[in-house]
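Novice: Please see the structure below; I have some questions.
No lab work stands behind these numbers, since they all come straight from the coordinates. Values in this document were obtained by computation on a predicted structure and should not be read as measured data. Here the Cβ positions follow ideal geometry from the backbone for every residue, glycine too, while neighbour counts run over all protein chains shown.
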Amino acid sequence: MDFLKLIRMTTAVMSIILAIVAILFVAFIFIDEAPQWLGISSSKASKEWKLPNIETDLPDGKQGKQVKFGYLLATESPKWMGPQVINKDERLYAGNNLTCQNCHLEGGTKPGSGSWVGVTNRFPQFRGRENKIGSIEERINGCMERSMNGKALPEDSEQMEALVAYMEWLSEDIPEDTAAWYKGFVSVKIPSVKADTIFGKQVYINECQVCHGEDGQGTKLADERKGYQYPPLWGDDSFNHGAGMHRVLTAAQFIKANMPHLVATKENPKLTDEEAFHVAAYINSFNRPQKPDTDKDFPDLKLKPVSTAYGPWDDPFPAEQHKFGPFQPIVQYYDSLYQIKKTK
């Protein structure tokens, strides 16, 4: 009797297991989504996001050609929209021989360098410099008129449409936490002292001169039409004084995460906050092109970054202090009077 009981119990258990398997099988057919705890993938299960590769992941047809053109505009800017273009009447927009990726490193994909990965998902957005909600096209033209020392791209131009298409392709389906990792620059603790350009020069000699040169004029690519391998940091072919990089604190944030090139990363910077701060001041102590009409920037002057080196300002601090610091008293002024907390 005991043996027969065991057989009956085993048969009952097997029947239950087979019934569960059958139910799950039917569910997978209709739902097409397996529970994660089973370790079974399905067509609707989320896949791990990866950065798209310009050589292997381009979409087909017109979209792929447009994305590739956007990549070329970013990496070979002088050749396609700057001083080295063939038909200057139609395509001359950039006023220097920098490329977009001289700041937005690795084709706009390097974290900590104002990366373009995820950027189109953040627009439209408010910007204090214009004191309004702006589009991604307006943001690109801010770079064209400042960092590229040129003129705005028409919003319906092939260059503008290609740049936006490239940015959108880099941003496609990116998870929010991943996009946040790529976003912006690293933070730098604002020193309580005025920037020391003599110390900054020594940092430059030790860490920067090998690529950018003793005279700060950079190193051109073998094909000079494509621009610089290492860009000039001051002088006629550099960004103008209206660019964000002309602000010592912004430049320090960029430098900390990215310089020396191929050595520093967002996760593992080489320079300290102080070294990045002082060398940024040294770089910005030299002459560079002057952007017209910067007095019209920041209609609400309270929103102007404290290290903006050109006036006017809504505070009593001198121009020298706005350029080189110390910045802490300016930060405290806006916090106490307007309850505005500034970080750069």
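Novice: R0 = 56 Å: FRET efficiency of Glu320 with Glu155, Cβ-based, nearest 0.05? Don't skip to the answer; put the middle values down first.
Specialist: Values: r = 39 Å, r/R0 = 0.69.
The value I calculate is 0.90.
Novice: With charges set only on the Cβ (+1 for Lys and Arg, -1 for Asp and Glu), what does the dipole of the chain come to about its Cα centre, in debye to the nearest 20? All intermediate terms of the calculation are to be shown ahead of the outcome.
Specialist: On the way: 39 positive and 44 negative charges, 101 e Å.
About 480 debye.
Novice: Still on this structure, please answer the following. Which entries in Lys220/Lys344; Lys88/Lys226; Lys201/Lys323; Lys79/Lys151; Lys183/Lys341; Lys226/Lys266 show an alpha-carbon gap greater than 23 Å?
Specialist: On the way: Lys220/Lys344 31 Å; Lys88/Lys226 15 Å; Lys201/Lys323 16 Å; Lys79/Lys151 16 Å; Lys183/Lys341 20 Å; Lys226/Lys266 27 Å.
Where the Cα-Cα span goes over 23 Å, the pairs concerned are Lys220/Lys344; Lys226/Lys266.
Novice: In nanometres, what is the gap between the two model label sites at Asp335 and Asp236, each 7 Å from Cα along Cα-to-Cβ?
Specialist: The modelled label-to-label distance comes out at 4.5 nm.
Novice: Treating only the Cβ atoms of Lys and Arg (+1) and Asp and Glu (-1) as charged, compute the dipole magnitude of the stretch 221-291 about its Cα centre; round to the nearest 20 debye. Kindly include the intermediate steps, with their values, before the conclusion.
Specialist: Numbers: 8 positive and 8 negative charges, 39 e Å.
With only Lys, Arg, Asp and Glu charged at Cβ, the dipole is about 180 debye.
Novice: Modelled label-to-label distance, Lys194 and Asp215, 7 Å Cα→beta-carbon offset: nm?
Specialist: 3.0 nm
Novice: Let me ask another. For the chain, what is the per residue volume of the convex hull drawn over the alpha-carbon atoms, in cubic angstrom? Before the final figure, lay out each step's value.
Specialist: Working: hull volume 76.2 nm³, N = 344.
Output value, Cα hull per residue: 221 Å³.
Novice: What do you get when you divide the Cα radius of gyration of the stretch 111-190 by 2.2 N^0.38 Å, with N the number of residues? It would help to have the intermediate numbers written out before the result.
Specialist: Working: Rg = 13.4 Å, N = 80, 2.2 N^0.38 = 11.6 Å.
After normalising by residue count via 2.2 N^0.38 Å, the value is 1.15.
Novice: By count of other Cβ within 10 Å, fewest leading, how are Glu55, Glu106, Glu168 ordered?
Specialist: Working: Glu55 7, Glu106 14, Glu168 18.
With the fewest neighbours first, Glu55, Glu106, Glu168 line up as Glu55, Glu106, Glu168.
Novice: Between the stretch 234-292 and the stretch 158-176, what's the alpha-carbon centroid distance in Å?
Specialist: 26 Å
Novice: Further, regarding this structure: Fewest Cβ neighbours within 10 Å first, please rank Phe327, Phe317 accordingly. Spell out each step's value before the answer.
Specialist: On the way: Phe327 27, Phe317 15.
In increasing order of surrounding Cβ atoms, one gets Phe317, Phe327.
Novice: Arranged by the count of other C-beta atoms within 10 angstrom, fewest first, what order do Ser157, Ser238 take? Before the final figure, lay out the partial values.
Specialist: On the way: Ser157 16, Ser238 28.
With the fewest neighbours first, Ser157, Ser238 line up as Ser157, Ser238.
Novice: OK, next. Need one number: nm distance between label points at Lys296 and Ala222, each 7 Å from Cα along Cα→Cβ, rounded to one decimal.
Specialist: Calculated label separation equals 4.5 nm.
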